[in-house]
1. Where in region 11-129 are there helices (runs of 4 or more DSSP H), lying wholly inside it, with at least 3 residues that are of a type in the set (D, E, K, R) and closer than 26 Å to LEU174 by Cα?
2. Mind counting the residues in region 106-132 that are within 16 Å of the chain's Cα centre (by Cα) and either closer than 16 Å to GLY159 by Cβ or open to solvent by less than 20 Å² (accessible area, probe 1.4 Å) (or both)?
3. Please go through region 11-33 and pick out each residue that is closer than 20 Å to ASN67 by Cβ and open to solvent by 50 Å² or more (accessible area, probe 1.4 Å).
4. So in region 40-66, with the set limited to residues that are open to solvent by 60 Å² or more (accessible area, probe 1.4 Å) and closer than 30 Å to ALA100 by Cβ, which one is farthest from the chain's Cα centre (by Cα)?
5. Taking the condition of being outside any strand (DSSP E or B) and in contact with an Asp or Glu (Cβ under 9 Å, 6 or more places away or on another chain), how many residues in region 145-177 meet it?
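The values are calculated or read from the model by the stated rules, or taken from the named source; none is laboratory data. As the structure is a computational prediction, the values presented were derived from the model and not from experiment. Note that each Cβ is placed from the backbone with ideal geometry, even for glycine, and that neighbours are counted across all protein chains shown. The area values use the complete protein model at the heavy-atom level, side chains included, leaving out ligands, DNA and RNA. Shrake-Rupley method; radii C 1.70, N 1.55, O 1.52, S 1.80 Å.
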Amino acid sequence: LDWAPPECRAAMEEALAAAVREKQHRISLSLLAKGGSLIPTESRFWLGQWGGADCIFGICRDRSAENEAQRQFEQVFNFNPSPMALLDFSDRHFTEVNQAFLSVTGFQKNEVIGQTVNQLGLFANQEQLDIIRKRLVTEKSILNEEIRVRRKNGDLLDGLFFGEVISIHGRAHLLTVIVDITERKRAAAALDQRMMALLQPIDSPEGIE
């Protein structure tokens with residue numbers, strides 16, 4: 001218990017007691033290093049014997065590198081200007097979205113988390129959504145798939161869809177990014193219309209051939 005900082009001591013005591021009751025127990029907590037710094041760990045305790053005496057075995061795995069990687073990922077995710085989302089890959093419900101996702105789609109966060117793409121009606125083309133799902137099962141990633149997204153108010157947006165299956169704490173998740181190309185598509189369509197107008201034949205004035 002001397003390895004546990006004061007704020008984690010009660011959790012450590014409960015973990016050891018749980019190991020006795022349940023024969024084994026896992027917990028994530030911080031432990032004190034010799035110099036007083038804190039080490040985030042994932043610890044596992046289980047009941048056993050050593051030299052014929054009952055004892056509790058413990059393994060504590062340093063998660064400092066994992067936590068730093070997670071912190072960096074969360075920064076990229078939360079502050080990305082493109083809509084990003086995390087979905088549980090098994091049942092397809094949203095587990096996290098960034099602010100750009102909410103701004104573009106018009107939903108509130110509590111309206112999205114726990115829902116599926118179908119429940120929110122985000123994809124304008126259901127057949128395309130089914131194809132993307134099948135591809136993600138086999139290929140695990142999709143790049144530059146042009147899609148149409150339906151906002152909460154019914155407006156349609158054009159976007160490029162990127163999706164990849166990743167593992168978070170041993171569970172498969174789908175990480176998605178959508179690049180909004182609505183204005184680009186509108187500008188391209190307007191340019192095409194101007195070009196077509198310029199290419200229209202011009203009637204010659206009377207008397208001039």
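1. Answer list for region 11-129: 64-79.
2. 2
3. Within region 11-33, ARG26, SER28, LEU32 qualify.
4. Once the filter is applied, the top-ranked residue is ALA65.
5. Residues meeting the conditions: 1.
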